[in-house]
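Taking it in order: structure first as structure tokens, then the write-up.
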Amino acid sequence: MAASEVQLGTSIADMRDGRDILDHQAVEEEEGIVIGGGTDSDYQELLDRVFNIIAGNNPDLAVNRGKVVMCPPTILREGTRKTVFVNFMESCKTLRRDPNHVMDFFLSEMATSGSIDGQNRLVIKGRFAPKSFESILRRYINAYVICNGCKGHDTTITKENRLFFLRCEQCGSSRSVDRIKAGFVAHVGRRNA
């Protein structure tokens, strides 16, 4: 046992001198792997190679960061007092969200009433600019679709014990999300004492 301790001690001493490290580097260069002296482009190539190997061997672990391309909201005026979000159902399908959940968010943000008609359009009471629909849709995506961990869009909303959780299918993280709150409603009349 003392001989192995001595042999171990000498290899550590050799490593401190740098002789053993250089021998390993020479052997690894012969095998096609270079450890020291690389550039940033070499690093990027190796990194791409590792991710390609991971994606080939374990497709479940491969992160697909493809972007979702959404059509901008198509807004029309129906009469003088109604605004119609024509491609509402297409947006909900792209986001993979329940249309009632998205509708509740829009109605609470705009502080108005509305419904989904027979043609699967969102009809909102009031006159609103198309830019306001875009900004509200962006807020909805940031609050209820995008994962904070990996910035992916492959998420689902589940309800557990009165709380809503946003679960990411790509990275497996979860976070709680707020319930959709109705806007301010003024109570007109006499106050209770």
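Some points to look at:
- For E90, the accessible surface of its heavy atoms amounts to roughly 110 Å² (probe 1.4 Å, protein chains only, rounded to the nearest 10).
- Spin-label pair S135/Q119, simplified geometry with 7 Å Cα→Cβ offset, distance in nm: 2.8 nm
- Using a Förster distance of 45 Å, the FRET efficiency for R96-E45 (Cβ separation, nearest 0.05): 0.80
- Per residue convex hull volume, Cα atoms of region 92-144, in Å³: 84 Å³
- Among the protein heavy atoms, those of R77 account for about 130 Å² of accessible surface (1.4 Å probe, every chain in place).
- Accessible-area ranking of F51, F128, largest first, probe 1.4 Å: F51, F128
The values are calculated or read from the model by the stated rules, or taken from the named source; none is laboratory data. Nothing here was measured: the structure is a model prediction, and the numbers come from that model. Cβ coordinates were reconstructed from backbone atoms using ideal geometry, including for glycine residues, and neighbour counts include every protein chain displayed. The protein model used for the area step is the full one, side chains on, heavy atoms only, and it has no ligands, DNA or RNA in it. Shrake-Rupley method; radii C 1.70, N 1.55, O 1.52, S 1.80 Å.
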